[in-house]
Each structure stands twice: as C-alpha cells, then as structure tokens.
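Have a look at the structure below, then the notes.
The values are calculated or read from the model by the stated rules, or taken from the named source; none is laboratory data. Only a predicted model underlies this, so the values are computations on that prediction, with no experimental measurement involved. Reconstructed Cβ throughout: ideal geometry from the backbone, glycine too, with neighbour counts over all protein chains shown.
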Amino acid sequence: MRRLADVLEDWEAVIGLEVHTALTTLETKMLCGCRLSHDDEPNANVCPICLGMPGALPVPNEKAIESIVMAGLATNCEVMRRSMFYRKHYFYPDMAKNFQTTQGPVAFVMHGHLDLEVSGEGACERLGATVDKRPDGSYVAPIRILRIHMEEDAAKMNHLGGAEGRIGGASESLIDYNRCGTPLIELVTEPDLRTPEEARLFMEKLRQTFLALGISDCSMEKGSMRCDGNVSLRRRGDTHFGTKTELKNLNSFKSLHDALAYEICRQAEVLEEGGAVRQETRHWEPSRRRTVVMRVKETADDYRFFPDPDLAPFDLSDEFVERCRARMPELPDARRDRYMTTWGLRRLDAEKLVADPATASFFEAVAAQVEPSVMPTLVNVMVNLVPAFAALDEAQVASVSGLLAEDALTFAQAREVFELVDGTDADPVRVVDERGMRQSTDADALGAIVDEVLERCESQVQQYHDGNEKVVGFLVGQCMRASKGSGNPKMFNQLLVRRLEA
Amino acid sequence: MMGSLDALSARQIATGVTRGDFSATEVAQASLDAIASRDGKTQAFLQVSEELALAAAARTDAARAAGERLGPLAGVPVAFKDNMNLVGTRTTCASRMLEPYESAYTATCVQRMLDAGATPLGKLNMDEFAFGSTTDSSAFHPTNNPWDLTRVPGGSSGGSAAAVTAGEVTLALGSDTGGSIRQPASLCGVVGMKPSYGVVSRYGVVAFGSSLDQVGPIGRRVEDVALAMNALTAGGRDRLDATSRDCTQDYLAHLEDPIEGRAVGVIPALLEAEGLAPEVRSAIERAAHKLADAGARIMEVDLPNMASSIAAYYVLASCEAFSNLARFDGVRYGYQEPGCATLAEQSSLSRAHGFGPEAKRRQMLGAYLLSSGVYERYYLAAQKVRTLITADYQRAFAQVDAILMPASPTVAWEHGAISDPAALYLADVYTISNNIAGNCGISVPVGLGTDSGMPIGAQLQGPTFADASLLTFARALERACDMEGVVAPAFVGKGGEL
C-alpha cells in the first residue's frame, strides 16, 4: 500500500465522526432514579424501569438535558426549542425494553461547529486550495456539527465459554444492567474532516470541551467516550462523495488516527486497482494495524422509529437555556487565549495547559503564588515535569519553580526533588538544603574551580582555540565533577567562556 | 347481621367501618363469601387474594382500634384488572406470556386505592393484554355477563365490570384504551368512568397504547366512582408517570349540583348510524329526555371526523402495542420456551407460544405500520386525524358541557357470536374518539333493553380535565333512571351477608 501522504496527493478523504459520550458525572440514569456507577456489583443499580418490567414508565432526567444543552452551547449549536424522544426498536437482551429511547429528526441541539487549529507536521496532510494556509503551513479548519442528541446506553453482556468474549460459541451470556439507561450524548459531524490528523484534533478538542463542562469523565479507555469514523475517497477536484466505510473500535486518539490513515490507503488501493469500495462496517485491529470487515450493510436496518408516547415533547424555555448558559465554565479556547494575553504564554504551551481542566486550575493556583519573573520557568515545569507526578501540591510546584528560576537547581535536580516530595507535604526548600543540593552561584568559589580545570585540561583549551566550541560542554562537566555537583552549570559555562575568550 | 354487601355503597361501607358498625375484616369476609358463591358463574376473577385482603382489613381494624383516622375507602372491597401490578399477586394480563409473572412493585393507581383504606380482593379477568371487547380472548377462561351467563360482559375490562355487577366487590379498577371501561360497564349495567388522559397515573399498569390508556373506576353508583376518583387523584401528580397531571380535587363536591340550563349535546348522525340497535337508540333518546326534564338544554352538535376515528385508532394503538409488547421476550421474566439452542430461537418461540392470536395480530399490524415507507402513510396520517378529532371536540365543547351517546351499538351478545375481528373493531365506534382526543367519558346504566332485557348504558363525554363536571351530569342521569346500585338479579343475596 502507498503512504498516506502520497495517497492524499491524488485523493481527497472525506471523513465524518460520530462520537458517543456517556454523561458519567450525573448522579442518576437517564430515565429512572438508579445510581450511575459501573464499578458496583453486577445488577446492583437496577429498578423496574431500567429492567423494562411490565408497566414501568420512563421519567427523563432533567440534569441530563442541562448537560446536553451545555454541550450544544459549547459547540456553537442551536438549542432546538421543541424536540422529542423516539423509540428505536431492535430485539437484543442488552436493551431491556427491546427498544432504545433516543431522539428523532430533531435533536436537543443542532447545527453547530468547532474550529480546529491545525499546525505542525499534521498540517501537511491537508493540501492547499481546500483551506487557507498561513505562511507557516498552519490553518484553521471549521468543522460543522450536524446534531447532538441524547440516547440511553445498553447493558453490558459477558459471553462466557466462547472465544475472545464473542457470543459465537459461548456457553453462557451474562447481562449486567448497571450500564443500561446511562445517558449518552451522540454528536454527529458533517463530513467536513479531510485528514486523519484533523479527526484526531477534533476528537481531542471535543474531549477537552466536554471535560471543561464537567459533563463526563471522557475516558476513552473506559469507553465513556467512543468514536466511530466514516470515511470515503474521491479524486481531487470531484464534488460527489465516494462509497464510505464505517470504522469501529477507535478507542484512543492514536487508533482513530491510524485506523483512518490505514483505511484511506486501503480504499485508494482498491480504487486504483479498478475495484469498488463496499459499504461496510470495519473493525480496527490495533495489534495488527489494519481494519477488517465486521458486517456488510446491504439494506438499511428498519428500527421502526416513532415518537415515544410515554415522554411528552420537550419545550425548552428561554429561561432553561439561560440557566444552562449561566452555568457554562470558561472553555479551553478562551482559557488558552487568556493565558497568552495575561502571561504571554506561547500558544502551544497554553494549549497543553488547558487540555485538562484540573491541570489548568492547578496551574492558575500556582501562578497566583509566584513572582512574574518565575512564570516562564513555571510554564516549563508545568508542561515538562509536573505531568509525570501524581500528587504534587501547589506550594511544592511554586517553590521548585522559584529555585529553578534563581538557578539554585538544575532541571534534573528539580525532577529529583519532585520524586522526593511527591505525595508528601514536604517543603522542597528544606529537602534541597538537607541534601545539600542547592547549587552555588558564588562567582569567586566557582571561578577557582574553573581556573583549576582549565589548568589541567590544556588539550581541550587548545581545541577550543582551534575552533571547536563544543568542547565547552566537556569542560562544564569537569567543573561539575570538581564541585561535586554543587556548582551551577550555567555559571560554569559563563565563567569558562569568559576566561577562554579573554 | 347488618345486611348484605349488595345493598351498601362504598361510602356506607367506609362509614360503617369507621363508626364500628362492622369491622373491615367482616366486610372482607363477606366479599370473599360473595366471590366464593358467585364467581363460579361469572368467572370474573383470575386470582382471589384472600391473604392480602384479610391482612389489609386487619390493618384497617387495628388502625381504628389505635384511634387513627381511617381513609375514605376504609374496608371497601376492591379488585383490580390483571394488568395492574400489586405486590403479592401475579400480573398476567390474562396471557400465557405473563402467567408466571409475580409483580415486582405496586402500580400507583392500586397503591392509592390501598392508601385510601380499600381492601384488595384480587385480580380480574380481561382480554389478553387488553386487546378486545369481549374478555373472550383471555388465555385462561372467558368471563360471563352476570345478567345472562351465555353472554359476554364486554371488554377488555370485562372481569372488572362483571365482578361489580355480580356484587362480588364494591369497586373495581379497569383500564380504557378505546372503550375498555365504558363498554363493559354499559353491557353489564354499571357505572364505568374513563378519566381525561393524565388524571390517573399509568405507572405500573402494563401498557397497551401509551398515548390512549387511562385507568378508571367501575362501580354500581356514580357516587362510588367519584369516591374512587378522589382516591386515585389524592397526592397529586405521580412523578413516576411523565404524562400524569395534578388533578387532586373533591369529585364528590358537585355530584348533586343542578344541571338546569346547562347544555348537553347529541349527535343526530350517530343515532342514525347503521348497526345501532333500535333498543339502544330508544334508550339513549329516553336518556336525553330525562336530562331535558332535569333542566338541561339538549343541543345538536357534530364531530365530523368521528368516522375516521376507528381507522386512526387501530393504526395508533397497534403501533404503540407493538412497541410496548416488545419487552416480552422470555429473557428476564414471563414465559420462556424451554430447550432452545439460541437466543433468537428462545425469544421467537417464547413469543410464538406465549401470545394468543389477537395479541399477535395487533403486534404484527403495528410492526408493519411502523416500518419505513409505511410509517409515513399510516402513522403520520393517523396523527393528523388525531389532531382533527381533538379540534372537533374543542369546537363541540365550546357549545355544550357534555355530549350524550351510546357506549356500545348493541347490548351484550352471546359468547362467540362475533368472530370477525374487524366487526369487533367497528363496535368501538362510540368510545374510541374519546381516547384519541384524551377527554373524559363515563357510561351510566339507563335501563334494560326493550327487546333483550339486557342492561344499556348511556355514555356522557366531557371536555379534557372537566372530570368533576362530567360526574355531575352522570349523577343527574342516574337520579332519573332506576339503575342506581343494582346488582344483577340472579346474584342478589347469594352470599355476602354482613
């Protein structure tokens, strides 16, 4: 198969995503009062309603509707003033009523968009003409959102005795209804994405947005955020769509990207050999890095959709929508812009910090404790050191950043200090002093060490004068060793260069 | 001995128990005694809940002994259509599919009757899953009309109407999707009320047509029915039913109000309709005269789209039934076909052998009507008819306070006399529009047929949520006829002594 970059020279990929997000932060299920928890004993959180017992009726969870309206406002959607729940019928025991409560042609929120900022290597995948690129190759891709609707999740089935937990060959199938009735929101994009990188960025941005809203834990690993991709190819310049395939099991950003990249190349090969792409559902196998056919769709399934007569149409009042709007937190884009203007952060650093709302709040709390001159160091520490540690507190990060900024620690030492204080309430300053880690910036003391090193390293000094400036690194190392690590390498460097140039 | 349960109204029983004239346990025993001696003939009951009844009665008596205030239905013997959940009973819907199903919880309407102090005597026969108007489609046995055991009691709440008519219980609850309370009440000569949609909670009542179903009481007196309405609406809106409303009020308060000067509509075209038995027609005309004698203004009104109501109803009701009955697959509860190799085999054979022919017919019809391409032509068209019929009623009720019409085109017929399902569907013509529009209706016995000697009910329909006003007209009609509190003659005094 050809490389993605080559394929995209000849073909334009048309990609749309369907993203399911479980509203895991709610207390109760979508249509009954059962607790939302996947960690409890199987079938601990069930009632006549979510078990579909005879005579039980659904009652919608108003908090779930607030969540979806907030998701819509955050993705520039229109809040539909009147929408309805529909019933989607299929016989399978993971759906106790044998129909799923979902929405019909009108969803709670519709017609939105998210603007993707695409830069770096991934920006090359999108060829010009289809988008305005900046001189550095970066661009903004506006991705339209068709709708976000609400539906209930199915129960979890465990097939025992068969291969790989599949139902085929299983001797028993156990059903855990704890998950049954979990409110899901399904976002459907228009087919506006053109590259696997854009798809990955869209999913990342959506995840950051939903995390900021606090409507879900957004864990792709645990399946609380799941994504299906639709992709088709067309010759560059064509305006009609090709036949699409649907990709499943895209349960990480990497899987999403790699599966789309594979599928684009596979379809290109089929088409270039004169074949036709079949409309089918394909499963991504991460271990073998390929997609395989799950099932071929020859006819559309008939789900016998009709409006749920147990649930009256929803007329969302202005007051309700305004209440949701008032609860909206600062979204990642706005937060990023604020970091750039308030503290002069670089765009990339700001984006990394706002990706997770907990990280951003932590950063802001530390920032409030440090001098403005320490900010660049703090950002460096937040982006490059802090993510590796589980339980640092704000004071610890502030104090280590301060020590780094005054050159009392090296970056490597800062990491060592974090290792020592992580998960404790120890004061980094005390740890540094107790262990004698504080680096000397005393010019006289360090100068004496530099003089001693230059004296015994004549050949390296000669190399320097012959034009090999890199040898300074070796000399710094010698100084560090002579000082038993207590000298500041930056100071040594400055002193060495000053003497060598003298 | 105080007399017979046959002669006592619900209010007299509750008052007697509260005063200590007799105990709730004695009343329960009398009701059990009446059931023992009468139900062999009517076959109204599917289960008699003797233990539950005696335990509830004992609680009522203990509460009285402790000086507690008793409910308005204290000690009143009540039974429930078998599509209503009551913990301690099976809820079968008269179907093999749910024959083994033990209620996991109690329906709101049942609980509210119990909260008012009623004594639960058991579960009553019905057409399977409420599909029918004879009670003959019960998977277990038919129920007989207490006025003539060779005839049907009507349906689908035929067990409820028969048990009350034969004096086995004082009150029963039924459910009405297209006339299933009013038609059997009419055929048995008792009072049956279908409240406006949303007045009574549907939670715990096995759904047939969710947008049409409504629970209501059947009794031998308008006053008994009003008392039951108080109990069913006490406590306001049921938060477990998203379509229920807060309709708490005293439905007894306006029973004796005069109807002088108030307008009652009649629809001449309906009385001319082919298929309307002459004895029913003349009974309805007499009822109109009696209302006029009581001072009502009789006016002609029209519901021009009523002719389309049967077609619209059988589309909407079948679609909802298909969807509502999908959950019965033998996986979690109910009938499960033994010895199946695959899931698909298990659910299809459980359904094939669990459901009777009418239940299958309705579900297949609904499955077809909801399929893509067909849905637009039928379901959406039926919803438009629904809008038109609702508008017809609004126009009519701008002129009149109630509309008078038959509840059934004929008196009760003999078992098996009508075997064509379509002919049975057509007999629902007088009751169906009311469910489609969601307003209230009641059948009041107005006399015996001049040809058949069988009871005839007149139906009164009122505007949505004018249920209390409708009861005023029903009471006025009851006062003018001689059917108040009547137990079918063959059963009077057969057991049930207090």
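When you go through A:LEU250, A:LEU233 one by one, which is the residue that is farther than 23 Å from A:LEU331 by Cα, at pLDDT 95 or above and touching a helix residue (DSSP H, G or I) at 6+ places or on another chain (Cβ under 6 Å)?
A:LEU233
Condition check ((1) in a helix (DSSP H, G or I); (2) in contact with a Leu (Cβ under 8 Å, 6 or more places away or on another chain); (3) more than 30 Å from B:ALA352 (Cα to Cα)) across all residues:
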residue: B:ALA79; (1), (2), (3): no, yes, yes
residue: B:LEU86; (1), (2), (3): no, yes, no
residue: B:PHE140; (1), (2), (3): no, yes, no
residue: B:SER156; (1), (2), (3): no, no, no
residue: B:VAL164; (1), (2), (3): yes, yes, yes
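Residue under question is A:SER232, and the condition is that it be within 14 Å of A:ALA13 (Cβ to Cβ), surrounded by fewer than 24 Cβ atoms within 10 Å (Cβ to Cβ) and among the hydroxyl-bearing types (Ser, Thr, Tyr); does it hold?
Yes, satisfied.
With the condition kept exactly as written, say whether any residue in the stretch B:251-258 is more than 20 Å from B:GLY178 (Cα to Cα), buried (at least 20 other Cβ atoms within 10 Å of the Cβ) and either within 14 Å of another protein chain (Cβ to nearest Cβ) or among the basic types (Lys, Arg) (or both).
no
If the requirement is being within 14 Å of another protein chain (Cβ to nearest Cβ) and either modelled with pLDDT under 90 or not in a loop (DSSP other than H, G, I, E, B) (or both), which of these qualifies: A:ALA300, A:ALA395? Walk me through it before giving the result.
Numbers: A:ALA395 fails: within 14 Å of another protein chain (Cβ to nearest Cβ).
Only one candidate passes the filter, namely A:ALA300.
Taking into account only those residues within the stretch B:372-407 that are more than 18 Å from B:ALA311 (Cα to Cα) and within 14 Å of another protein chain (Cβ to nearest Cβ), which is surrounded by the fewest Cβ atoms within 10 Å (Cβ to Cβ)?
B:GLY373
Is it the case that A:ASP10 is surrounded by fewer than 18 Cβ atoms within 10 Å (Cβ to Cβ), out of contact with any helix residue (DSSP H, G or I) (no Cβ under 9 Å at 6 or more places or on another chain) and modelled with pLDDT under 95?
Taking the combined requirement at face value, the residue does not satisfy it.
List every residue pair whose Cβ atoms sit under 6 Å apart, with the two residues 6 or more apart in sequence or on different chains, where the first one lies in the stretch A:371-390 and is free of Cβ contacts under 8 Å to residues at least 40 places away in the same chain and the second, anywhere, is surrounded by fewer than 18 Cβ atoms within 10 Å (Cβ to Cβ) and of a type in the set (Asp, Glu).
A:PHE389/A:ASP422
Quick one: would you say A:LEU4 is more than 14 Å from chain B (Cβ to nearest Cβ) and either more than 21 Å from A:GLU186 (Cβ to Cβ) or among the β-branched types (Val, Ile, Thr) (or both)? First the steps, then the outcome.
Details: more than 14 Å from chain B (Cβ to nearest Cβ): yes; either more than 21 Å from A:GLU186 (Cβ to Cβ) or among the β-branched types (Val, Ile, Thr) (or both): yes.
Against the criterion (more than 14 Å from chain B (Cβ to nearest Cβ) and either more than 21 Å from A:GLU186 (Cβ to Cβ) or among the β-branched types (Val, Ile, Thr) (or both)), A:LEU4 qualifies.
Of the residues A:PRO428, A:PRO376, A:PRO357, which single one is surrounded by 15 or more Cβ atoms within 10 Å (Cβ to Cβ) and within 21 Å of the chain's Cα centre (by Cα)?
A:PRO357
Does B:PHE208 fit the bill of being part of a loop (DSSP other than H, G, I, E, B), within 14 Å of another protein chain (Cβ to nearest Cβ) and at negative phi? Working first, answer last.
Numbers: part of a loop (DSSP other than H, G, I, E, B): yes; within 14 Å of another protein chain (Cβ to nearest Cβ): yes; at negative phi: yes.
Against the criterion (part of a loop (DSSP other than H, G, I, E, B), within 14 Å of another protein chain (Cβ to nearest Cβ) and at negative phi), B:PHE208 qualifies.
Considering the stretch A:235-268 alone, what residues qualify as being outside any strand (DSSP E or B), of a type in the set (D, E, K, R) and surrounded by fewer than 17 Cβ atoms within 10 Å (Cβ to Cβ)?
Within the stretch A:235-268, A:ARG236, A:ASP238, A:LYS254 meet the criteria.
Just one of A:VAL476, A:VAL400, A:VAL453 is under 30 Å from A:GLN369 (Cα atoms) and either in contact with a helix residue (DSSP H, G or I) (Cβ under 6 Å, 6 or more places away or on another chain) or at pLDDT 85 or above (or both); which is it?
A:VAL400
Conditions tested, residue by residue: (1) under 30 Å from B:THR91 (Cβ atoms); (2) crowded, with 22+ Cβ neighbours inside 10 Å.
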{"residue": "A:ASN43", "(1), (2)": "yes, no"}
{"residue": "A:CYS47", "(1), (2)": "yes, no"}
{"residue": "A:LYS63", "(1), (2)": "no, no"}
{"residue": "A:ARG82", "(1), (2)": "no, no"}
{"residue": "A:PHE85", "(1), (2)": "yes, yes"}
{"residue": "A:ALA96", "(1), (2)": "yes, yes"}
{"residue": "A:SER119", "(1), (2)": "no, no"}
{"residue": "A:PRO135", "(1), (2)": "no, no"}
{"residue": "A:ARG147", "(1), (2)": "no, yes"}
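Would you call B:GLU279 more than 14 Å from chain A (Cβ to nearest Cβ), buried (at least 18 other Cβ atoms within 10 Å of the Cβ) and of a type in the set (D, E, K, R)?
yes
Which one is surrounded by the fewest Cβ atoms within 10 Å (Cβ to Cβ), of the residues in the stretch A:455-481 that are of a type in the set (Lys, Arg) and part of a helix (DSSP H, G or I)?
Ranking the qualifying residues of the stretch A:455-481, first place goes to A:ARG456.
What are the residues in the stretch B:314-337 that are of a type in the set (D, E, K, R), surrounded by fewer than 24 Cβ atoms within 10 Å (Cβ to Cβ) and within 11 Å of chain A (Cβ to nearest Cβ), if any?
B:ARG327, B:ARG332
Only one of these is among the aromatic types (Phe, Trp, Tyr), surrounded by fewer than 24 Cβ atoms within 10 Å (Cβ to Cβ) and touching a helix residue (DSSP H, G or I) at 6+ places or on another chain (Cβ under 6 Å): B:PHE465, B:PHE491. Name it.
B:PHE491
Identify, from the list B:ASP61, B:ASP33, B:ASP21, B:ASP39, the residue that is over 13 Å from B:GLY167 (Cα atoms) and assigned to a helix (DSSP H, G or I).
Numbers: B:ASP33 fails: over 13 Å from B:GLY167 (Cα atoms); B:ASP21 fails: assigned to a helix (DSSP H, G or I); B:ASP39 fails: over 13 Å from B:GLY167 (Cα atoms).
Of the residues listed, the single one that is over 13 Å from B:GLY167 (Cα atoms) and assigned to a helix (DSSP H, G or I) is B:ASP61.
Out of everything in the stretch A:310-336 that is surrounded by fewer than 18 Cβ atoms within 10 Å (Cβ to Cβ) and free of Cβ contacts under 8 Å to residues at least 40 places away in the same chain, what residue ends up being nearest to the other protein chains (Cβ to nearest Cβ)?
A:ALA312
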